[in-house]
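Take a look at the structure set out below.
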Amino acid sequence: MTLAPALVEVFDTKQAYIWSAAADNAGNVYLGTGHEGRVFKVDAAGKGSLLYKTSELDVMALAVDAQGNVYAGTAPDGKVYRITPGGEAKVFFDPKTKYIWSLAFDGQGRLLVGTGDKGVIYRVNADGTGAPFVNTSQTNITALKVTSSGSIIAGTDPGGLVLRISPEGKVFTLFDSSQREIRDLALGRNGEIYALALAESAGSGASNAAPAASSASGASGATPAPSGDEGGVTITISDMQVIDTASAVSTPAVSSSSGSQAKSAVYRLDANGLSDTVWESKDAAAFAINADGVNSDGRVMVGTGQKGRIYQAAPGQKPILLAQTSEAQTSRLVRGGGNQLFAAASNLGKLFRLSNETGASGTYTSSVRDAQTSATWGRVSWIGDGAIELQTRSGNTSNPDSTWSDWSAPAAGSGGDAIKSPPARFIQWRATLKKTASSASPRLREVTVSYLPHNIAPKINSVTVLPAGVSLQALPQPQMDGGADQAGLDPSILGAIAQIPPRRIFQRGAISLQWQAEDKNGDAIEYSVYYRDASGGGGDFYPLKTELRENYYTIDANALPDGRYIFKVIASDGASNPGALALTDEQETEPVEVDNTPPTVTADAPRVNGSNVEIIFRAADLTSIIRRAEYQVDGGQWKTIFPVDGIADSKREEFRVAITLPDKRPHVIALRAFDANANVGSAQAGVK
């Protein structure tokens, strides 16, 4: 950033909108306004006055001839008025159309009139007689320029075309933009043509029935706010220019095809229609461009509807934010006497002059920076040249308000100074650049704010106990670069490494825990697993496994005696924080049965009645309930059997097996029962 050209308010029209602007050879600037259809004259000294009030609502186009007569095109009852330097006026030409969008003089001094809503260009002689010169397939002729060779360049809506028209009226489409409307045209020194195109979503709509819609553009306020919205750039005083920043809302592109998604774009065309994109934005609608008097490097000025910001753009370069008016939109740019650039603003129709000299000082306020949690501020430092003062303020609301701290005293020296703002979640910095006798052009390149976020404890979101017998087996994981960790870098900087979840396998008697945890500071988390007896009224927890980095753990079958246990998982961020600052979170499971002893199965003697056999058997377990039972005959298929009471829900269950034997040979009936931990007990009975 460096000091920008000073932006000086010259004249306030007291009207809502300035739709058009033109300048004469004497240094006077003329402004066409809405919605009272007035034409104002601002002389070279900056004194403004009402030149003429038309009977129409809006003056959409202005042009000045060599004798100083002003021509005003109006809407919505499109007429062209000629106003003498003394303010006398009359209807000069009436094409019987709705809108006069654009005016220009050809090489013979004839007035070209671009109209809507039939897309006709009229050519009018000095006596006011005129006729259609070109009938286009478009609805509106939104812009007109005449080149030094006499060719007429026209911009259209809704096709977004740039047309080249010979003095004889031959039309050639020079450029077909991907936007709806060519809002403005400018001619460069070397014959290049600049075209400002607006997408339909911009709401500019030359074809809209009401001219008021032309300025809608979605701009929401006239006064720059200190909130840092819209691309992270807030200008609190319009005398700074951002000369190299990725946070600018508009970035240059290398091909016009990229403009298909842009809300507005500026294209540079050569005589054959070859194009490149000078400036584009997906967020801001631009309304005016000016390339008159620029250097041969192809720079063009762009006025936008984003807080009235004015950019300087050139192909292949980042745009420079030159200035920001006090109004919502910069609607027209015009060169006046002494090659001064004037900016006409709307929503409150004012005229500003962009000085050729930079201001004596300028202030830039950064966007609000979010530490994500309450933070202790460290040092602020910057890289730059010249006289620079840097201040900070902090608060706990995302938009600075009365609860924020006051701006701090300026930091002492660019080498770094302790931030004097109180601990908070949000912080802003403000840089003031000043001209001095020894440093006429201060420049700010980089600002660094250091902070230590308040440590937030890790959080265990859930702990799951998997079914008994499910064991979790670790699989080989992708290895992080150990050098990054040794160098003190966050390994995530090198890219996220996907972790492969563990494989589930069967292991009799195993109990597996799996959990989900997070740390909002991004700290490394270590886990510990504890257990206690759940059969009594409490008791101490004992460590089972510590210093785990995985979010799961399998308890082997013989690690604990049979019984009911409660497990506790503790998460700690101690690996990333000194001992006194480390925090933990913990979560307990519901009681879990550890049972590695099979149930006891006993069977009564079979009761035989012919080929029918009945066997009563019982299953009992000391720790867990009997879950199910089965039987088979002579090694055949196992068949499920329910308890006598109809449901398996206790540690002791009785079962009745009734079968019909196929013959009178001896048979063996096998019986087995499973407890809740998949342990199995068995018995058998013989039938002779």
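The values are calculated or read from the model by the stated rules, or taken from the named source; none is laboratory data. In this text, all values refer to a predicted model and were calculated from it rather than measured experimentally. Positions of Cβ are generated from backbone atoms using ideal geometry, with glycine treated the same way; all protein chains shown enter the neighbour counts.
Of the residues in region 446-466, none is free of Cβ contacts under 8 Å to residues at least 40 places away in the same chain and either in contact with a Cys (Cβ under 8 Å, 6 or more places away or on another chain) or assigned to a loop (DSSP other than H, G, I, E, B) (or both).
Here is a yes/no grid of residues against (1) part of a loop (DSSP other than H, G, I, E, B); (2) aliphatic (A, V, I, L, M); (3) under 21 Å from Ala468 (Cβ atoms); (4) at pLDDT 95 or above:
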residue	(1), (2), (3), (4)
Ala524	yes, yes, no, no
Ser535	yes, no, yes, no
Ala575	yes, yes, no, no
Gly579	yes, no, no, no
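Among residues of region 118-135 that are surrounded by 19 or more Cβ atoms within 10 Å (Cβ to Cβ), those with a beta-carbon under 6 Å from a residue that is of a type in the set (Ser, Thr, Tyr) and not in a strand (DSSP E or B) at least six positions away or on a different chain give the pairs Gly119/Thr136; Gly119/Thr139.
Restricted to region 171-190, and to residues there that are under 16 Å from Val146 (Cα atoms) and among the hydrophobic types (A, V, I, L, M, F, W, C), the residue that is surrounded by the fewest Cβ atoms within 10 Å (Cβ to Cβ) is Phe172. Taking the criterion of being within 44 Å of the chain's Cα centre (by Cα) and either surrounded by 12 or more Cβ atoms within 10 Å (Cβ to Cβ) or outside the structural domain of Gln516 (by TED's automatic domain parsing) (or both), the residues of region 546-566 that qualify are Thr546, Leu548, Glu550, Asn551, Tyr552, Tyr553, Thr554.
Could you check how many residues of region 17-38 are surrounded by 19 or more Cβ atoms within 10 Å (Cβ to Cβ) and within 42 Å of the chain's Cα centre (by Cα)? Quick ask: steps written out before the conclusion?
Step one: filter region 17-38 for residues surrounded by 19 or more Cβ atoms within 10 Å (Cβ to Cβ), giving 17-24, 28-34, 37-38.
Those left that are additionally within 42 Å of the chain's Cα centre (by Cα): 17-23, 29-34, 37-38.
Residues meeting the conditions: 15.
Taken together, the criteria exclude Val91 from residues that are closer than 26 Å to Glu181 by Cβ, modelled with pLDDT of 95 or more and out of contact with any Pro (no Cβ under 8 Å at 6 or more places or on another chain).
Condition (residue is of a type outside the set (Phe, Trp, Tyr) and loosely packed, with under 13 Cβ neighbours inside 10 Å) applied to region 623-631: is it met by at least one residue? Working first, answer last.
Within region 623-631, the first condition is being of a type outside the set (Phe, Trp, Tyr), and the residues that meet it are 623-630.
Okay, now just the ones that are also loosely packed, with under 13 Cβ neighbours inside 10 Å, so none.
No.
With surrounded by fewer than 21 Cβ atoms within 10 Å (Cβ to Cβ), touching a Phe, Trp or Tyr at 6+ places or on another chain (Cβ under 7 Å), of a type in the set (D, E, K, R) and in the same structural domain as Ser355 (by TED's automatic domain parsing) as the only criterion, which of Lys14, Lys41 stands out?
Working: Lys14 fails: touching a Phe, Trp or Tyr at 6+ places or on another chain (Cβ under 7 Å).
Selected residue: Lys41, the only one of Lys14, Lys41 that is surrounded by fewer than 21 Cβ atoms within 10 Å (Cβ to Cβ), touching a Phe, Trp or Tyr at 6+ places or on another chain (Cβ under 7 Å), of a type in the set (D, E, K, R) and in the same structural domain as Ser355 (by TED's automatic domain parsing).
The set of residues in region 324-356 that are hydroxyl-bearing (Ser, Thr, Tyr) and under 32 Å from the mean Cα position of the chain (by Cα) comprises Thr325, Ser326, Thr330, Ser331, Ser346. Looking only at region 666-675, decide whether some residue is at pLDDT below 95, on the phi < 0 side of the Ramachandran plot and outside any strand (DSSP E or B). So far as region 666-675 goes, yes, one or more of its residues are at pLDDT below 95, on the phi < 0 side of the Ramachandran plot and outside any strand (DSSP E or B).
Taking the criterion of being under 15 Å from Phe93 (Cβ atoms) and touching a residue at least 40 places away in the same chain (Cβ under 8 Å), the residues of region 48-62 that qualify are Val59, Met60, Ala61, Leu62.
Arg164 passes every criterion in (1) at pLDDT 85 or above; (2) surrounded by 21 or more Cβ atoms within 10 Å (Cβ to Cβ); (3) outside any loop (DSSP other than H, G, I, E, B); (4) not aliphatic (A, V, I, L, M) apart from (2).
Are any residues in region 80-89 assigned to a strand (DSSP E or B) and among the small types (Gly, Ala, Ser), and if so, which ones?
Residue satisfying the conditions is Ala89 alone.
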